Amino acid sequence: MLTLSKQPGTGGSVKKSPEDFLVKEITSSGSILQPGTHYDAASLGLEEAKEGKHITFVLQKRDWNTIDALLAIAKKMGHGRKSVAYAGSKDKKSVSVQLASVFHTTDFDMGSIRVSGLSINGQWRSDGIELGEELGNAFEVRLSDVAHPENADAIIGELNGRMPNYFGQQRFGDRGNNADIGAAILEGDFESAMLEYLTSSSNERNERVSQARSRLKETLDFASALNDFPRYLRGERKVLYYLSRYPGNYANALRLLPRGIALMFVHAVQSRIFNEELEQRIRSGDFSSAVCAASDFYGFPDVEKRDREGAFPLGVLVGYESKDEELGEYVTASMERMQLTKEAFAIKSMPELAMKGSYRALVSPVKDLTSNSSESGMRLSFSLPKGAYATVLLDEFTKNK
């Protein structure tokens, strides 16, 4: 993907240890959660619902993804996955601090929970946390093996408090094929979607799993594949077991996956189209848009407050209700290349995965961006709105191929 900055890069790599990537959630009130700090609702400017049936708590985690961390906590409390909620997911290989909640109607000391790598830094009664409730995240990142730290200041000056709002690689999956699976779903070709999900070995890092996927691609022996696929691939094994009993019923096999995972495949198609549009806009220097977003009180885009004169031009995340006049030439060209129409996102044969369409800022603000170099590497500090990817900003600096 093209970078917005044309300055030479610094080089470098990140995430040699979780401590190299600190993520601090910015709450809906504008507070930045700090590690090792104890909070209550009042100190964060939030309301406490004394009769609430949920406990909101400040979760600090190290080398845990958000879902697994909350599942571990829920299990200690005698609850399951549906009892917990969070505002935004944080990287696994990081130290991160965020708000979360658990449905629990009686008193409970969250501080009594002992799980390695997790700590509870405060709790209060509430009506629960909603996904997307946070404003964004503040980051402190250490880059190592930096060849040209002297280039950092020029890059900061050129970016001038903004960055391209690409979807990061995480959106497309570890194997990079989420959008390919999603495109097959949009076409109603559930067989191709499920076989891509099960058998694609491109970018597969685990040699055993790569061989298992390749063998299944050759044989399509789903029963035998159950002996080859390791147990941690729970989604794949669930699909394999079903197809071994009901061969050819690929649509129902897809329905066995959690809806969030299936939706992720369709979201990846939207994201691919958006990224292609943004790259073309950077190439041409054209960021004009038929629709813009206003700024919230923190200076981040509020896509729910659309305004032709707003501070943030918006791109379209295509759906079946997207307006033709807002798609524009870049999106239209990308969809033609992919042989997709906006009506395909209705997914009539599986409407539970349908996408109406939405918007995303083409350029994201970057607040409080600073760099500092020492013998241990280069440190970058910055804040981004929710949905923006820190890895995209890091690419502006490292420019690693």
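Quote to one decimal, in nm, the extra length available between A354 and A72 on full extension: 0.36 nm per residue of separation minus the C-alpha distance between them. Spell out each step's value before the answer.
Details: separation 282, 0.36 × 282 = 101.52 nm, distance 3.17 nm.
Length difference between fully extended and current span is 98.3 nm.
Lys and Arg at +1, Asp and Glu at -1: add these up for the other residues within a Cβ distance under 15 Å of D63 and post the number. Combined, the nearby Lys, Arg, Asp and Glu give +3. Toward the positive end of the charge dipole of segment 290-401, with +1 on the Cβ of Lys and Arg and -1 on the Cβ of Asp and Glu, the farthest Cα among M378, A311, F297 is that of M378. Counted by Cβ distance under 14 Å from D368, the other residues give a net charge of +3, where Lys and Arg count +1 and Asp and Glu count -1. Per-residue ellipticity at 222 nm computed for the chain from its helices equals -9500 deg cm²/dmol, with DSSP H segments shorter than 4 residues left out and the rest contributing -39,500 (n - 2.57).
The relative contact order of the chain, computed from alpha carbon pairs under 8 Å that lie at least 6 residues apart in sequence, is 21 percent. Look at (i) 19.9; (ii) 25.9; (iii) 21.3: the one that is mean projected area of the Cα convex hull in nm² derived from this structure is (iii). Going by the alpha-carbon gyration tensor, a ≥ b ≥ c the square roots of its eigenvalues, is segment 266-361 rounded (a/c under 1.5) or, if a/c is not under 1.5, prolate (a/b greater than b/c) versus oblate? Note, shape of segment 266-361 comes out oblate. Ordering E48, E279 by the number of other Cβ atoms within 10 Å of each residue's own Cβ, fewest first, gives E48, E279.
Around the Cα centre of segment 266-361, unit charges on the Cβ atoms of Lys, Arg, Asp and Glu (plus for the first two, minus for the last two) sum to a dipole of about 200 debye. Between S202 and A251, the modelled labels are 2.7 nm apart [label points 7 Å from Cα along Cα→Cβ]. Residue exposure proxy: M110, M264, ordered by other Cβ atoms within 10 angstrom of their Cβ from fewest to most, comes out as M264, M110. As a length-normalised measure over Cα pairs under 8 Å and 6 or more apart, the relative contact order of segment 266-361 settles at 30 percent. Legend: residue pairs K61/K82; K15/K50; K238/K342; K305/K342; K24/K82, Cα-Cα distance threshold 29 Å; pairs beyond threshold, K15/K50; K238/K342. First select every other residue whose beta carbon is under 14 angstrom from the beta carbon of I129; then total the charges, Lys and Arg +1, Asp and Glu -1. Once positives and negatives cancel, what remains is -2.
The phi torsions of segment 343-351, fed into the Karplus equation with coefficients 6.51, -1.76 and 1.60 and a -60° offset, translate into couplings of 5, 4, 6, 6, 6, 4, 7, 8, x Hz, rounded to whole numbers, with Gly and Pro shown as x.
Projecting the Cα atoms of G182, A251, N206 onto the dipole axis of segment 182-257, where Lys and Arg carry +1 and Asp and Glu carry -1 at the beta carbon, places N206 farthest toward the positive end. Between A42 and T370, the modelled label-to-label distance comes to 3.1 nm, taking each label 7 Å out from Cα in the direction of the beta carbon.
Taken together, the values in this text are just the output of simple stated rules run on the coordinates, not laboratory data. These numbers were taken from a predicted model, which means no experiment stands behind them. Cβ coordinates were reconstructed from backbone atoms using ideal geometry, including for glycine residues, and neighbour counts include every protein chain displayed.
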